[in-house]
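Worksheet: one structure, shown below.
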C-alpha cells in the first residue's frame, strides 16, 4: 500500500498515518496478517520522526487494528477464519442430513418438501444496517437502496437486542463495527459485512494534485469531511485549496459553484446546486454492492432452484 504525507496541511502526521492504515484495512489494500513497514523504515522513507510513527502504531494497536510481534514487527490483525470454516461446516451438516434421511428410508422428494416448508417459515424480506452513527447510516442506506430493490432500513446498536427488529431481516454492518455488532447479536445470527471502497485507488486519477485548483468537500457526516481532509492533504492538495461545507449548517451551498469540483457523499449529491461539477464518493465498494445483489437474488429465487 502506498502512503502519502503532507507536513504543512494542518493534519498531524500521526493522524495521517493512522487514517491511511485504517482505511487500507477496511478497503482491502492491507490484508490480515500483512506486515507493515518498520518504524525505522517508514521514518527513513518519508523523512518522518520515528517517535511519530511509533505513536501511530501504538494507537493502531490500542484500537486493535494491528498487533506487535516481538522481534518480528507490526502486523495487521488476522480476522477469525470464519467464512471458509463456516461453509465447510454447513456443507457437512447438509450432507449428514441427507445421509440420515437415507437411513430412515425417506425419499429425496420428501426431504426437499420438508426443507421448503422450514425455509418458508421465516424468509428474510429486508436488509437492516446496524450502524450507531446516524449520518453515516443514512449515507450507506442510500447507497444500498441504489444497488438493490429489497427494502433497506437502519438502526443503532439497540437493534442487536430487539427480536422484533431482527425478525425476517438480513443484518448488515460496516467493517469498523463488525466485531462489536457480532458480539451483541444473538448467537447464530448471520451478519453480512460490507467492505468499503479503497480510498487510495479512488484518488489515483486526482494525483498529482492540480495547483491552485479550488475543490469543495460537502457532507452532513463529520466523518466524511475529516477523512476527505486527511486524505486529500496527504495526496498533495494544499489546505488553502480545499473548501469544506457541513450541509447541516445554513448557507452551506454558498460559493460551491465557483469550485472546480465538489466531492460529496451520495446523499449530498442529490442536494447540490445546479451547474456544480459534482463528484459523488461512494463509501461501499463494488464488491459490497455485488454481495448485496447476490443476497437479494438468493433470497428471492425460487427454492426449487436451490435444492
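Rule-based calculations on the coordinates, nothing more; no lab input. Since we're looking at a predicted model, the values are computed, not measured. Cβ placement follows ideal geometry from the backbone for every residue including glycine, while neighbour counts extend to all protein chains displayed.
For the stretch 23-56, the set of residues classified as surrounded by 19 or more Cβ atoms within 10 Å (Cβ to Cβ) and within 30 Å of residue 287 (Cα to Cα) consists of 23, 24, 25, 26, 27, 30, 36, 56, listed by residue number. For the stretch 255-270, a tally of residues being within 24 Å of the chain's Cα centre (by Cα) and surrounded by fewer than 13 Cβ atoms within 10 Å (Cβ to Cβ) returns 1. Does residue 160 fit the bill of being assigned to a strand (DSSP E or B), free of Cβ contacts under 8 Å to residues at least 60 places away in the same chain, touching a helix residue (DSSP H, G or I) at 6+ places or on another chain (Cβ under 8 Å) and over 30 Å from residue 10 (Cα atoms)? Criteria not met by residue 160.
Within the stretch 209-221, the residues that satisfy the criterion of being more than 17 Å from residue 8 (Cβ to Cβ) and assigned to a loop (DSSP other than H, G, I, E, B) are 210, 213, 214, 220, 221. Just so you know, in the stretch 271-299 the residues that are touching a strand residue (DSSP E or B) at 6+ places or on another chain (Cβ under 8 Å) and over 19 Å from residue 199 (Cβ atoms) include one that is surrounded by the most Cβ atoms within 10 Å (Cβ to Cβ), and it is 292. Residues in the stretch 152-161 that are over 19 Å from residue 283 (Cα atoms) and surrounded by 12 or more Cβ atoms within 10 Å (Cβ to Cβ): 157, 159, 160. A residue that is in contact with a strand residue (DSSP E or B) (Cβ under 6 Å, 6 or more places away or on another chain) and in contact (Cβ under 8 Å) with a residue 12 or more places away in the chain occurs nowhere in the stretch 2-10. The set of residues in the stretch 222-238 that are surrounded by fewer than 23 Cβ atoms within 10 Å (Cβ to Cβ) and in a loop (DSSP other than H, G, I, E, B) comprises 235, 236, 238.
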